[in-house]
Amino acid sequence: MRVLLITAAILLGATGTAAAAPPTAGAGSLGDRLFPDLGNGGYDAQSYDISYDYQPGVTTMASSVVMRARATQALSSFSLDSAVSKIGSVAVDGKPAAFRTEGEKLFVTPASAIADHASFTVRISYTADRSLDPLSPALHLPPGTDWPFKAWINTPDGFAFMGQPDRAHVFFPSNDYPGDKARFTFRVTTPSSLTAVANGSPVSRVVSGDRATSVWRTAQEIPTDITQVAVGRFREIDQTGPHGLPVRSFLTAAQSGGDDLVRRTPAELSWLEKTLGLPFPFERYGVLGVDSPYDGVALETASLSTYGAAGFLQPAERAEPVMVHEMTHQSFGDAVSVGSWDDMWLSEGHATYYQMLFTAQQQHMTFADAMKGFYDIDANQRATWGPPAHMNKAAATLLGSDAVGALSLFALHEFVGDQTFQHIEQAFYRQFHGRSARTSDYIAVASRVSGRDLTPFLTSWLYGTTTPPMPNHPDWKPGQP
């Protein structure tokens with residue numbers, strides 16, 4: 001008994017409370033299966049305040065980021081994802097900190113250890129160089145490979161971001177992982193003849209001589225991969241959406257036309273809100289059309305979906321479903337973000353599902369007829385990219401989960417019926433709004449709402465390597481891989 005009492009005294013200390021764990025280094029990654037080097041442990045990012053000084057004619061920008069975070073352990077040191085051109089200085093809580101870079105990591109050792117659960121601030125001055133576009137190491141591509149997606153989108157009069165899946169830390173050092181959401185403030189200084197736009201709402205624009213500084217801020221936390229800053233000559237299209245939602249869009253002034261399609265945004269918002277039975281998740285919305293092909297894609301950048309402006313010159317029957325796709329992402333992918341990159345189907349599958357539902361209604365066809373084409377190619381998609389919740393390569397996060405994810409949701413719809421499916425969608429959104437979710441979370445919600453264990457059914461669709469039978473459609477036969 002005496003030995004036990006002495007041991008207890010040592011463990012509890014003189015005050016009778018458990019001794020604090022000694023400070024240690026935060027983990028240098030979060031162990032993502034597809035992006036094993038991405039993310040950082042030991043803290044939870046709360047907000048980022050990012051500044052750029054844009055000068056025409058040069059690709060470098062004097063930049064800074066202030067990250068406010070909360071420690072989840074006692075920290076002797078920690079890391080951030082960073083692929084910026086050059087780090088100038090780092091300070092933690094106002095005191096200079098030692099730092100080093102290695103690969104796409106910035107390792108920081110503060111002057112004093114950070115206590116568990118303590119809030120702390122990291123200020124980093126750095127140079128952003130828009131001529132540098134390093135490939136994601138998770139892609140495992142040979143040097144010199146012509147990867148079609150660029151992170152920095154340089155335009156004749158400015159630039160834009162394309163940060164998905166893991167390139168946001170090319171723009172600013174961060175905990176570049178979708179499960180660690182944060183609020184963002186962007187401060188962009190440009191020639192006064194140009195406009196800077198970003199996620200969230202405009203806070204101020206101050207003109208000093210021939211220079212102007214614009215400040216934008218998000219009201220809600222968002223993942224790093226769907227941040228956006230764009231500089232250029234834009235014309236604004238101001239509208240009002242359902243329930244008075246401000247809808248402000250920006251189209252490059254270099255292109256005339258496209259306005260009629262952009263002006264359909266409020267009607268699309270009303271359709272989506274009615275279809276989901278859910279309100280729009282952010283304080284405002286709009287679309288951004290930049291003077292660039294924008295990698296040939298569109299991106300669900302939060303509150304301001306991004307497109308190459310020429311996309312708005314397409315016929316409405318081609319362009320509108322894409323607009324609904326990116327709009328759906330605002331709820332599924334942005335407001336409810338993915339917990340890991342294995343869960344990307346929760347984002348892309350939902351956006352594609354409602355895109356196809358919109359298409360079916362616009363073209364006066366049954367939803368089943370619209371989805372059958374996905375069933376025909378499902379076996380090939382699984383063979384190429386893997387099943388929706390266990391893709392076989394990092395590149396599949398951009399290319400592989402749309403159709404198979406949407407088809408899995410359609411199979412659930414057919415299995416449980418329209419009303420139960422809608423209740424599942426609403427319950428999932430409401431539970432995880434403002435948070436990140438995993439595949440297991442969706443399965444748990446679906447089982448709870450439906451009143452039966454849907455784990456075997458959804459597991460076959462989300463993790464199976466072969467195409468399961470489609471409920472209610474015994475005549476559908478999967479194609480060959």
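For the range 54-101, a tally of residues being in contact (Cβ under 8 Å) with a residue 24 or more places away in the chain and assigned to a strand (DSSP E or B) returns 26. In the range 376-427, the qualifying residues are those that are aromatic (Phe, Trp, Tyr) and surrounded by fewer than 23 Cβ atoms within 10 Å (Cβ to Cβ), and the one that is farthest from Tyr177 (Cα to Cα) is Phe415. Tallying residues that are touching a residue at least 12 places away in the same chain (Cβ under 8 Å), more than 16 Å from Phe159 (Cα to Cα) and out of contact with any Asp or Glu (no Cβ under 8 Å at 6 or more places or on another chain) within the range 190-208 yields 3.
So, Leu251, is that one crowded, with 18+ Cβ neighbours inside 10 Å, over 30 Å from Gln426 (Cα atoms) and at pLDDT 95 or above or not? Let's see the steps before the verdict.
Values: crowded, with 18+ Cβ neighbours inside 10 Å: yes; over 30 Å from Gln426 (Cα atoms): yes; at pLDDT 95 or above: yes.
The answer is yes for Leu251.
Of the residues Thr301, Thr328, which single one is within 20 Å of Leu398 (Cβ to Cβ), surrounded by 22 or more Cβ atoms within 10 Å (Cβ to Cβ) and touching a residue at least 60 places away in the same chain (Cβ under 8 Å)?
Numbers: Thr328 fails: touching a residue at least 60 places away in the same chain (Cβ under 8 Å).
Of the residues listed, the single one that is within 20 Å of Leu398 (Cβ to Cβ), surrounded by 22 or more Cβ atoms within 10 Å (Cβ to Cβ) and touching a residue at least 60 places away in the same chain (Cβ under 8 Å) is Thr301.
Per the conditions (1) closer than 19 Å to Ala230 by Cα; (2) out of contact with any Gly (no Cβ under 6 Å at 6 or more places or on another chain), the sole criterion not satisfied by Val338 is (1).
I'd like the full set of residues that are of a type in the set (Phe, Trp, Tyr) and either under 17 Å from Arg248 (Cβ atoms) or not in a helix (DSSP H, G or I) (or both), limited to the range 287-307. Reasoning before the result, please.
Residues of the range 287-307 that are of a type in the set (Phe, Trp, Tyr), as a first pass: 294, 307.
Correct list: Tyr307 only.
When you scan the range 131-147, do you find a residue that is touching a helix residue (DSSP H, G or I) at 6+ places or on another chain (Cβ under 8 Å) and outside any loop (DSSP other than H, G, I, E, B), even just one? There is no residue in the range 131-147 that is touching a helix residue (DSSP H, G or I) at 6+ places or on another chain (Cβ under 8 Å) and outside any loop (DSSP other than H, G, I, E, B). Being buried (at least 19 other Cβ atoms within 10 Å of the Cβ), in contact with a Pro (Cβ under 9 Å, 6 or more places away or on another chain), hydrophobic (A, V, I, L, M, F, W, C) and not in a strand (DSSP E or B) is a property that Ala111 lacks.
Residue check: Arg235 meets all listed conditions (1) more than 30 Å from Ala45 (Cβ to Cβ); (2) touching a Gly at 6+ places or on another chain (Cβ under 9 Å); (3) among the charged types (D, E, K, R); (4) part of a strand (DSSP E or B) but one, namely (2). When you go through Asp176, Asp129 one by one, which is the residue that is among the acidic types (Asp, Glu), modelled with pLDDT of 95 or more, surrounded by 20 or more Cβ atoms within 10 Å (Cβ to Cβ) and farther than 19 Å from Val197 by Cβ? Being among the acidic types (Asp, Glu), modelled with pLDDT of 95 or more, surrounded by 20 or more Cβ atoms within 10 Å (Cβ to Cβ) and farther than 19 Å from Val197 by Cβ holds for just one of Asp176, Asp129, which is Asp176.
The values are calculated or read from the model by the stated rules, or taken from the named source; none is laboratory data. Because the structure is a prediction, the values reported are computed rather than measured. Note that each Cβ is placed from the backbone with ideal geometry, even for glycine, and that neighbours are counted across all protein chains shown.
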